[in-house]
Each structure stands twice: as C-alpha cells, then as structure tokens.
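**Q** Pasting in a structure now, in structure tokens, and then I'll have a few things to ask.
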Amino acid sequence: MAEATKGPVVVDIVHDGEDHTEYSTHHAVKAFSKCSLHTSPFANQKAAAAATKIYSTQLDGLQSSIRQYVLEKADICRPDNIHICDGSETENASLIEKLQKDGMITPLKKYDNCWLARTDPKDVARVESKTFISTPDKRDTIPIVADGVSGKLGNWIAPDVLEQELGSRFPGCMTGRTMYVIPFSMGPIGSPLSKIGIQLTDSPYVVASMRVMTRMGKEVLDTLGEGEFVKCLHSVGQPMPLKEPLTNNWPCNPERTIVSHIPDRREICSFGSGYGGNSLLGKKCFALRIASRIAKDEGWLAEHMLILGLTNPQGEKKYIAAAFPSACGKTNLAMLNPTIPGWKAECVGDDIAWMKFDSEGRLRAINPEAGFFGVAPGTSNSTNPNAMATIESNTIFTNVAETSDGRFYWEGLEKETPDNVSIKTWLNEENWTKDTKTSDGKKVLAAHANSRFCAPASQCPVMDPAWEDPAGVPIDAIIFGGRRPEGVPLVYEAFNWNHGVFIGASMKSESTAAAEHKAKVMMNDPFAMRPFFGYNFGHYLDHWLHFNDRPNLHLPKVFHVNWFRKNTAGQFMWPGFGENTRVLDWIFRRCAGEDIAQESAIGLVPKPNSINLEGLQEKVDMQELFHLPREFWEKEITDIRSYFKTQVPQDLPAEIEAQLSLLEERVKTQL
Ligand code: GTP
Ligand code: SPV
Ligand code: MN
C-alpha cells in the first residue's frame, strides 16, 4: 500500500489484460472527445471500477474530499502513477534527478543547486488569449461590450462550451506520465488570511517550481483536514507515446493550450503549457483570478502588488503595496537598496498581495507566495543586488543563457560576466556575442526577454521580519504605476480614496514580454490587473469604491509613480532602481502628514525641492520630469473616456465617471 505521508511514493498501476485497450490514450481520446471533463473515459463500467480501485489504494492516506477530487481527475487523465507530494528534500532530489534524466534541466555548476530549463520556444510566457473564466452569466465575468467591439478585460467562456473544450483535451492526457498531487498553501500555513489549493499536474518541473513558490507538502494536508481547497488541474497535454518528438525535451501543446477558471466551483483547469503563470497555478490563476472573486465575496482584496516595509532614519516604519503591470518593476522595488543614508527597505512580497481590513479598520496584507518568479533580464548587482544574492542557490532558471564556466547569463550582466567565457543562448546556440545578428540583421538576445528565476523568498537578504506574520502587515500607502514614456510625472498623490480608485482604473503601460503581445504598444492596464481580473471589472471598481462608505476604515493614501518617462533623445529621465528611495521617502513623509504637496490638475504633486535629491549622482531635470503637458492630458482624458465607454459601457460606477469629469475640469482650468 502506498504511504501518502512520507518519502517519494510512486506506485505503478497494474493494467489487467482484459481492459488494456481502454487505457490507451488513442482510444480514450477517440472515444471520449465529445465527453465532458467530468465523465470518465471508460466506456466499460467494469474497467472504470477496477481503475478507481487501483488508484484509490494509493490514496488511502488522503482525506476524503481530496481523494475524491484526485480519483475523479485520475479516471479522466489516466496517469500511469499517482504521486502525493510531501515536499521533502528527498522527494525534491528525486524530481531533480528525473528532470535531468529527461533532459529538461541542466545544472549551473557555478552555484549551489541551481538549474536551467530551456522550454519549447512556443511556450515562453502567459497566453492571455487562451485564458478564460467561466460563469453561467457572461456579465459576472466581463463587462458586456457592443457588437463589433473586442473586449479587453478578460475572456469569458460558457460553461457547456468549456466542458466540451476540456472534454476534448483531458481524457487520457496523462497516459504514460505520473500525476503529482501537490497540496499547497497560499500564505503562511494556518494564517486566517491564507487559502489552500491542491494542484494535480503531470509536470515534475511544475512540482519543483511549486515547491519554491508556495508552502507545499504534508503539513498543508494536516492543516487542511476536511476543509475547503481550490482545485487546480494541470497537464502539459503530451500523453505517451509521443506523436512527434519534443523540442528541447519540453513537453507542451501550444495549439491546444487553454487556461480556464470556474470561480463558482473554485476550480482551475489548465492544459498545454508548462510555463509560468499558465502552469504554476497557485500564482495568477489562484492567487489573483480565483482569489479576487473569493475576495469580492468575502470583502477583501487580492491584488497584483508588491509589499514593502520602509523604515526612516528616525526608526519609524510603514508598509506600502504597489501595483505595476507585469515586467514593470515590482520585484525591483520590492527588493530595493535605499540610496538615502539611514533608510531601510524590507521585502514582504514582490508580486501578489492579499489584503483585508482588520477589526481596527487597518488594511493588513500578506504575501500569499513563498518564492519569486522574477524577470531575469535587467537583474544585476547594480540594479538589484538583493535578487542576485537570492538566486545563488536552490534556484530554477528558465530560458536564460549559460556561460561555458557554468553561470547564468542575460541582458544586463555584460559588465559582471568574465570576458574569457563563451555564452550559449536560451535557444542552445553556442558562442553568442552581443554583436550576434540574425540573417536579416536583427540583434539576437542571449536570454529570452521573459526568462525568469524561481527562487525561495527566504533566501532574499532583505526579507522583512514580519513577512510570514499570519496577521499580515499594516498598509499605509497604495501605489500605482506603469511604463509611461510621456506626460506622466515621477509621482503624484490622489486627492482622496475615490480619486485613487479612478487613478487605478485609468492606468496604462507599454506591453512587455510577460505575455504573448508582440509589439511594444501602450495598453490600458487598470490596477495592473487586466490579465488577472477574476470577475467583471466594473464590479471590481464597485468593490474598491465601497470601502469609502465604511466609516471605521483607515484607508491608505493612494499614489501614482512613473520611473519610465523618457526625454526627447529616448532616454529614461529618472535613474530608477535604488534611487526610487527618493520617491518612497516623499510618499512616507506624506503618510506621516508632512506639508510637502501642492495641488495640480491631476493630483497632489511634490512642492518644489521636497524630493530629497542629496547625493544623487545623475543630473535629473526635475522640471521636465514633473511637467504636465496640456495637450497630453487632454488626449489622455479623451482616451480614458473612450476606453471606459467602449470597454465598460454598462458597469462603470458613476463615481468613476464623476472623477473623470473632475479631472477634465481641472485640466481645462489649471493647465
Ligand atoms: P512581473 O514578475 O512580470 O510581474 O514583473 P515585475 O513587475 O516584478 O517587474 P521587474 O521588477 O522584474 O522589472 C522588469 C524589468 O523592468 C526589469 O528588466 C528591470 O530591470 C526593469 N526595471 C525595474 N525597475 C526599474 C526602474 O526603476 N527603472 C528602469 N529603467 N527599469 C526598471
Ligand atoms: C507576470 O506576468 O505578472 C508574472 C509572471 O508575474 S507569470 O507567473 O508568468 O504570470
Ligand atoms: Mn506579476
């Protein structure tokens, strides 16, 4: 009998001769392509009963609700083995060994227990176009737009259509593979703010990554008891035997990829991709899409935000949360090294915040994750030394380049990499140099622009002492921001909460390589949540606004920042990174009530000389950095109005419309 609680458990399923053909992928898919996900691929009831018995023998140690979920999905996906993950070192070592044997990872020998995975180049980022949320009523998921308008605030799929889509993918999809059962906690185990998930996956890479990104293993099962959990099913969609050889030994099925969510059932089903947010289901799928819906139901917030503790030279401490879109600087700000003497910055989280008002009316935040899945390019000892220290051991790198002496390499490490090594790109091309060009003359990147490191948060030298506090940390300020090359100043403050919600709603940023968007285009990205809303954005705005009506709450101050304004020569006007301390210092002092802000058309901006520039090496044109061009803001208002009108025609709260009119009036009279 399998032991569910200790050591790696891999039990072979014995196929009995009589029903053998029923187990084959070919038969299962052929016979059941029209079935729903909730139908076993076994036509033969006897075979189904036998299979259930075989699987259930291994699941004896599991509580009944989980066992039922695993059995139901195993009956459909037909794995050869089921392995219940205990999260142990031994288990991890055997996974790493398997990944190496399968050619999915190679060691980076310069470091301790660091690994490099190269994916199929077709599976390198989140696929927003294939990400769906399913509710019986479309309007619960997305705002209804007029005919001919393409909705940009998520994709809805009808429940019966989703059943069909899943039913044509999952039956038999794990044949020849092991189904891993991953019990994981989002948030410190046992915290009242935490939630538990069970992910079933056929990817050992996903298991190893989930072990870094979440609290995973036996302790979670013990804590859960018969409690509720979010159901997370994931398959790379490549049953054995393979029909075609893999690329880079990376199983995936890009043509058939779907990342789907059923919020009413607290369920996620993801097929065809092994990468990042598509496959590490605790992250965007659970902690943002499903959790934002739970948060709406339960009266709290699940947001795409970093959490940072700041201590001033007098020893006073405040926490801030900041929402920037993907690849727009959250990890970097979360780990910042202050450049003003006497300041201390400590990291609570770099990507996701779950926040709830406590009984005293203070907003408290936890980081639901336990690791960083951070953008590699641009990370260096000069930009983010704390990340560099974090990733020296126990880290899985994906799609970075490799040096001949066993180091990682990516764009941004030019000065920190010895000259006498050769570089092999993420695509396995040897002898790359910065001058390497494609046949049509384009620069070749050594690392993919969305290459990532996956490292334990506990290894970061600047983790906040309270980063795992089950009560969360009190939030004093919420910051919004994005990549705004033009018109948007370094920092401004909202006049009040509702104005702050409006600022979040009208956020924009240049698209990045974090998703499949090709060109660098300016996109609306409200609250940095555009790809992650678990329900209708209009209702989400109502949810944010309603906190203003609760008299006992200490609402945080709201700010907007922009590290990415460019001058006419196309260069960043602000040095960024550690120098962002200067902006945080101003925000901190505003939260402490200092009289250092003045009104402008768009919000409160720093009074002259109130931003501390002492010791700043670079010459910065502060005048230009804070200049508010009238034409820019007039156009911005027109664009925001048209965005709301076309994208949220029925569900935009009147208050947001009112805030837009107020902005318009101020721009007319003050700029
Ligand atoms: P996700 O993990 O995708 O959510 O991204 P993120 O928001 O955590 O972004 P991250 O901090 O990883 O930064 C993405 C890119 O922006 C990296 O290449 C950074 O080097 C760059 N970046 C971050 N902060 C700054 C800054 O202050 N100024 C400039 N110019 N670039 C920055
Ligand atoms: C993002 O895209 O915002 C990420 C990376 O944090 S992923 O986990 O792939 O979503
Ligand atoms: Mn992110």
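**Q** Enumerate by residue number the GluC sites (Glu not before Pro) in region 308-409 meeting two conditions: DSSP loop (anything except H, G, I, E, B), and at most 16 other Cβ atoms within 10 Å of the site's Cβ.
**A** 316, 360, 392
**Q** In bins 5 Å wide, starting from 0, what share of all Cα pairs of region 429-509 does each bin hold, as a percent?
**A** Each 5 Å bin holds this share of Cα pairs: 3, 9, 11, 10, 10, 13, 17, 10, 7, 6, 3, 0.
**Q** Based on the inverse mean of 1/r over its pairs of different Cα atoms, what is the Kirkwood hydrodynamic radius of region 413-458, in Å?
**A** Evaluated over region 413-458, this radius sits at 12.4 Å.
**Q** Could you give the size of the charge dipole of the chain about its Cα centre, using +1 on the Cβ of each K and R and -1 on the Cβ of each D and E, expressed in debye and rounded to the nearest 20?
**A** Taking the Cα centre of the chain as origin, the dipole is about 820 debye.
**Q** Can you put 111, 180 in order of accessible area, largest first, using a 1.4 Å probe?
**A** Highest to lowest solvent-accessible surface, that is 111, 180.
**Q** If ligands, DNA and RNA are left out, what is the accessible area of residue 460 with a 1.4 Å probe, given in Å² to the nearest 10?
**A** About 10 Å², rounded to the nearest 10.
**Q** Here's something else I'd like to know. Whenever you get a sec, line up 147, 469, 476, 222 from highest to lowest accessible area (probe 1.4 Å, protein heavy atoms).
**A** 147, 222, 469, 476
**Q** May I ask you to give the solvent-accessible area per residue for region 507-638, in square angstrom, as obtained with a 1.4 angstrom probe?
**A** Per-residue accessible area for region 507-638 comes out at 45 Å².
**Q** So how much slack lies between residue 265 and residue 246, counting 0.36 nm per residue of separation and subtracting their Cα-Cα distance, in nm?
**A** Result for the pair: 3.4 nm of gain on full extension.
**Q** Could you let me know the centre-to-centre spacing of region 107-136 and region 552-568, using Cα atoms, in angstrom?
**A** Cα centroid of region 107-136 versus Cα centroid of region 552-568: 30 Å apart.
**Q** Now for a different question. Once you have a ≥ b ≥ c as the square roots of the Cα gyration tensor eigenvalues for region 487-632, tell me rounded if a/c is under 1.5, and otherwise prolate or oblate according to whether a/b is larger than b/c.
**A** Cα axes put region 487-632 in the oblate bin.
**Q** Next question. Using only C-alpha positions, report the orientation-averaged shadow area of the convex hull of region 45-113, nm², one decimal.
**A** 6.2 nm²
**Q** Can I ask one more? Hey, what's the Kirkwood Rh for the chain if you take every pair of different alpha carbons, in angstrom?
**A** 26.0 Å
**Q** Also, I was wondering about something else. Measure off, as a whole percent, the carbon and sulfur share of the 1.4 Å-probe accessible area of the chain, all protein chains present.
**A** Answer for the chain is 50 percent, counting heavy atoms of protein chains only.
**Q** Only Cα pairs under 8 Å and at least 6 apart count here; give the relative contact order of region 163-251 as a rounded whole percent.
**A** Once normalised by length, the contact order is 35 percent.
**Q** Here is a follow-up. With a cut-off of 17 Å, note down the residues of region 602-637 whose backbone N falls inside the zone around a label point 7 Å from the Cα of residue 594 toward its beta carbon.
**A** In region 602-637, the label zone of residue 594 (backbone N under 17 Å from the point 7 Å along Cα→Cβ) covers 604-616.
**Q** Related question: Tell me, what is the percent relative contact order of region 202-327, built from C-alpha pairs under 8 Å that lie six or more residues apart?
**A** Contact order relative to length: 19 percent.
**Q** Can I ask one more? Please label the shape of region 53-167 as rounded, prolate or oblate, based on the square roots a ≥ b ≥ c of the eigenvalues of the alpha-carbon gyration tensor (a/c under 1.5 means rounded; beyond that, a/b larger than b/c means prolate, else oblate).
**A** Verdict is oblate for region 53-167.
**Q** Which of the residue pairs 508/645; 442/518; 318/356; 130/296 have a Cα-Cα distance greater than 19 Å in the structure shown?
**A** 130/296, as the Cα separations exceed 19 Å there.
**Q** Ok, one more. Using DSSP to call loops (not H, G, I, E or B), can you name the trypsin sites (Lys or Arg not before Pro) in region 444-553 whose Cβ has at most 13 other Cβ atoms within 10 angstrom?
**A** Sites meeting the loop and neighbour criteria: 518, 520.
**Q** Hey, another quick one. Starting from the Cα of residue 433, move 7 Å in the Cα-to-Cβ direction to define the label point; list residues of region 398-425 whose amide nitrogen is under 15 Å from there.
**A** Counting only backbone N, you get 419-424.
**Q** I'd like the orientation of helix 45-58 relative to the chain: the angle between its Cα long axis and the longest Cα principal axis, in ° from 0 to 90, rounded to 10.
**A** Helix 45-58 and the main axis of the chain meet at about 60 degrees.
**Q** Express the accessible area of region 230-378 per residue in Å², computed with a 1.4 Å probe while the remaining protein chains stay in the model.
**A** 27 Å²
**Q** Just the accessible area for residue 429, please: 1.4 Å probe, Å², rounded to the nearest 10?
**A** 90 Å²
**Q** Can you compute the helix-only [θ] at 222 nm over the chain? Use -39500 (n - 2.57) per DSSP H run of at least 4 residues, normalise by all residues, nearest 500 deg cm²/dmol.
**A** Counting only the DSSP helices, I get -7500 deg cm²/dmol.
**Q** With a 1.4 Å probe and every protein chain left in place, tell me how much accessible area residue 628 has, in Å² to the nearest 10.
**A** 20 Å²
**Q** Further, regarding this structure: Using DSSP, restrict attention to beta bridges with both residues in the chain and report what percent are antiparallel, rounded to the nearest 5.
**A** 65 percent
**Q** I've got another one for you. Give the separation of the Cα centroids, region 311-358 to region 476-493, in Å.
**A** 15 Å
**Q** FRET efficiency for residue 68 and residue 90, Cβ-Cβ distance as r, R0 = 25 Å, nearest 0.05?
**A** 0.35
**Q** Working from Cα positions, state the angle (0 to 90°, nearest 10) between the long axis of helix 64-77 and the longest principal axis of the chain.
**A** Approximately 70 degrees, to the nearest 10.
**Q** Using only Cα atoms, find the angle between the long axis of helix 537-546 and the longest principal axis of the chain, and express it within 0 to 90 degrees, rounded to the nearest 10.
**A** Tilt relative to the chain: about 60 degrees.
The values are calculated or read from the model by the stated rules, or taken from the named source; none is laboratory data. Not measured: the values here are computed from a predicted model. Ideal geometry is used to build each Cβ from the backbone, glycine not excepted, and the neighbour counts take in all protein chains shown. The accessibility values were calculated without ligands, DNA or RNA, using every heavy atom of the protein model including side chains. Shrake-Rupley method; radii C 1.70, N 1.55, O 1.52, S 1.80 Å.
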